[in-house]
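The values are calculated or read from the model by the stated rules, or taken from the named source; none is laboratory data. Values in this document were obtained by computation on a predicted structure and should not be read as measured data. Note: areas computed on protein heavy atoms with side chains; ligands, DNA, RNA excluded. Shrake-Rupley method; radii C 1.70, N 1.55, O 1.52, S 1.80 Å.
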Number of protein chains: 2
Amino acid sequence: MSNLYDLAYDLENALRNSEDFQTLKDSYAKVNADPEAKKMFDEFRTIQMGLQQKQMSGEQITQEEVEKAQALFQSVQQNEVISTLMNTEQRMSVTISDLNKIITKPLEELYGPMADEKQQ
Amino acid sequence: MSNLYDLAYDLENALRNSEDFQTLKDSYAKVNADPEAKKMFDEFRTIQMGLQQKQMSGEQITQEEVEKAQALFQSVQQNEVISTLMNTEQRMSVTISDLNKIITKPLEELYGPMADEKQQ
Ligand SMILES: [Ca+2]
Ligand SMILES: [Ca+2]
């Protein structure tokens with residue numbers, strides 16, 4: 001199955017050379033070089049991850065926590081570099097998810113009908 | 001980024017035509033056509049998934065449950081079609097995981113150092 005791996009390396013290369021990846025890399029470098037931006041971004045990420053973990057473990061998220069995250073989100077969005085970074089991350093995440101769906105479609109076709117059967 | 005999607009479709013096609021995928025498809029068809037094998041396989045899958053869910057939610061798995069799963073695993077392994085199916089699934093799962101690692105390496109390189117930083 002070496003052909004599969006060759007194609008995966010081609011895809012890796014295309015991803016690495018894509019405009020979105022280059023933008024992502026540049027924005028990260030800029031955020032990391034700006035202590036003020038980095039602090040704000042890290043704080044937002046920490047709170048975001050904390051909320052996601054709470055959500056996954058089924059813990060209750062308080063109104064106060066939601067408001068704090070929203071306020072922080074609004075300040076990070078006002079920083080142009082962070083805003084570019086976050087929008088590009090969002091687009092990259094959709095792209096990766098699309099690529100995954102395409103590549104694993106044969107397996108989805110094979111397992112999908114079985115999964116449907118089980119739900120009945 | 002249409003090139004990315006073209007390459008993903010090439011990879012999908014290669015996966016679909018791979019020997020492992022064809023074996024997987026054939027073995028599934030054979031198991032589904034054999035009521036006795038299908039029943040045994042479904043029972044094993046159900047128990048396996050139940051144990052995985054318990055593990056993920058941090059619930060205790062009893063010695064009795066482990067032994068039941070092991071006994072069932074030994075009987076399904078003795079069925080040649082199911083055994084081929086399970087071994088091929090295992091290999092396919094490794095392949096998919098390898099492909100994913102290759103494709104997302106640029107992102108891993110970008111985020112990896114940040115993740116390491118956080119652990120310090
Ligand atoms: Ca600044
Ligand atoms: Ca039989």
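For this structure, a couple of remarks:
- When the Gaussian network model of chain B links Cα atoms closer than 10 Å, the mean-square fluctuations of B:MET49, B:MET92, B:MET40 top out at B:MET49.
- Take segment A:2-119 with all the other protein chains still there, run a 1.4 Å probe, and you get 63 Å² of accessible area per residue.
- Accessible-area composition of segment A:2-119, carbon plus sulfur, in percent [1.4 Å probe]: 49 percent
- Going from the isolated chain to the complete set of protein chains, segment A:74-103 loses at least 20 Å² of heavy-atom accessible area (1.4 Å probe) at A:THR95, A:ILE96, A:ASP98, A:LEU99, A:ASN100, A:ILE102, A:ILE103.
- Tally of Lys pairs whose C-alpha atoms are under 25 Å apart, taken over segment B:24-120, 8 or more apart or cross-chain: 12
- Per residue of chain A, the DSSP helices (runs of n ≥ 4 H) give a summed -39500 (n - 2.57) that works out to -30000 deg cm²/dmol at 222 nm.
- Size of the B/A contact, given as accessible area buried on both chains, probe 1.4 Å, in Å²: 4000 Å²
- To the nearest ten degrees, helix A:63-78 and the longest principal axis of the Cα atoms of chain A are 90 degrees apart.
- Linear extension gain, A:TYR5 paired with A:GLN48, 0.36 nm per residue minus alpha-carbon span: 12.0 nm
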